[in-house]
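S.K.: Structure in structure tokens, see below.
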Amino acid sequence: MNLVIDNRQDLINTSTELIEILSKAVELSLKYEGWDPDFEVSLSLVSNEEIQELNKTYRGKDYATDVLSFPLVDDEFPVGEEKLLGDIVISVEKALQQAEEYGHSFEREMSFLTVHSMFHLMGYDHMDDASEKEMRKKEEDVLSQLGQVRQ
């Protein structure tokens, strides 16, 4: 598994420990689903301003969101020869706000957003109650393995 991190914000410190946790979150998500660990995932850490612009451009929604997922797979197989799973973009500002709002750590919120996005990259969605319930269960299982449970 190769995690390529692009920290494009300087508002919130992202420690080496956090990066290690996020890397493990990607690895455990792939393992949980039985996917080949040789995939590459891109993780961009951005500001609210940048994610708002991306959200507007790609989803037509003009507000800052917490995370965006851009899958590069088709029917669970990579498009092209390289094993590029996709791109995850997290607003670090929004993650910090949500961690405070939900009363848990910044690391737990960043882990959740990464795992949540990983399941989107692997083809899961939450468009109805059944699929949302299935996705939430998988997320919580991976977060438990990571030691990032809700407090």
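The values are calculated or read from the model by the stated rules, or taken from the named source; none is laboratory data. This one's a predicted model, so the numbers in the text were calculated from it and none came from an experiment. Virtual Cβ from ideal backbone geometry, glycine too; neighbours counted across all protein chains shown.
Residues are listed down the side, and each one gets a yes or a no for (1) within 21 Å of Val4 (Cα to Cα); (2) at pLDDT 95 or above:
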position: Gly60; (1), (2): no, yes
position: Ala99; (1), (2): no, yes
position: Phe119; (1), (2): yes, yes
position: Ala130; (1), (2): no, no
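S.K.: With the requirement that a residue be among the acidic types (Asp, Glu) and farther than 11 Å from Leu45 by Cα, what does region 1-27 give you?
M.R.: Scanning region 1-27 gives Glu17, Glu20, Glu27.
S.K.: Something else: Just name the residue that is surrounded by the most Cβ atoms within 10 Å (Cβ to Cβ) out of those in region 18-38 that are at negative phi and in a loop (DSSP other than H, G, I, E, B).
M.R.: If we take residues in region 18-38 being at negative phi and in a loop (DSSP other than H, G, I, E, B), then Trp35 is surrounded by the most Cβ atoms within 10 Å (Cβ to Cβ).
S.K.: Starting from residues that are among the hydrophobic types (A, V, I, L, M, F, W, C) and crowded, with 18+ Cβ neighbours inside 10 Å, keep the ones in region 1-17 and report whichever is nearest to the chain's Cα centre (by Cα).
M.R.: Leu3
S.K.: Where the second residue is surrounded by fewer than 19 Cβ atoms within 10 Å (Cβ to Cβ) and part of a loop (DSSP other than H, G, I, E, B) and the first is among the basic types (Lys, Arg) and lies in region 103-124, which pairs have Cβ atoms under 9 Å and are six or more apart or on separate chains?
M.R.: As it stands, the answer is Arg108/Val149; Arg108/Arg150; Arg108/Gln151, since those pairs meet every condition given.
Every residue, every condition in (1) modelled with pLDDT of 95 or more; (2) within 15 Å of Arg108 (Cα to Cα); (3) in contact with a Cys (Cβ under 8 Å, 6 or more places away or on another chain), yes or no:
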position	(1), (2), (3)
Asn2	no, no, no
Leu11	no, no, no
Ile21	yes, yes, no
Ala25	yes, yes, no
Tyr32	yes, no, no
Pro37	no, no, no
Leu45	yes, no, no
Glu53	yes, no, no
